[in-house]
Amino acid sequence: MEPDEGFRAAEEAGERLAVFCRLEHVVPWAMQGPHWDAGVLSERPVPDRELERCAECGAALDDTRVLLVHHRGEHRIGDAFCGTDHLLAWARAGGRWHS
């Protein structure tokens, strides 16, 4: 995966990482039981108050959050989740673009 494309999911507290070329690839990954690789994010999104709350349910998050970072050219767009189950629900609904 090129550094300026795709999605990176990270469970930062456990130093676990997964890489996807498209958002819809998150769905089977999460449904089959997420398989993580050891690693950390090499590039983080700009700190934002939205990353302190789950993008799916709105709950306050701590350091055990799952962070999803969309690499789009030079931009790093982040969303945070309570866990992979909320990441799955959010991705199934279309991510940031669901209605």
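Each value in this text was obtained by applying a stated rule to the coordinates, not by laboratory testing. Everything quoted here is computed from the prediction, not taken from an experiment. FYI the Cβ positions are ideal-geometry reconstructions off the backbone, even for glycines, and counts take in every protein chain you see.
Computed about the Cα centre, the dipole magnitude for the chain is approximately 260 debye when only Lys and Arg (+1) and Asp and Glu (-1) carry charge, each at its Cβ. Name the residue farthest towards the positive end of the dipole of the chain from the options C54, V66, A91, assuming +1 on Cβ of Lys and Arg, -1 on Cβ of Asp and Glu, about the Cα centre. The residue sitting most towards the positive pole is A91.
The slack between E43 and C21, meaning 0.36 nm per residue of separation minus the straight C-alpha distance, is 6.3 nm. Here the label points at D63 and W97, each 7 Å from Cα along the C-beta direction, are separated by 3.6 nm in the simple model.
Our helix-only sum for the chain, with -39,500 (n - 2.57) per DSSP H run of n ≥ 4 divided by its residues, gives a mean residue ellipticity at 222 nm of -4000 deg cm²/dmol.
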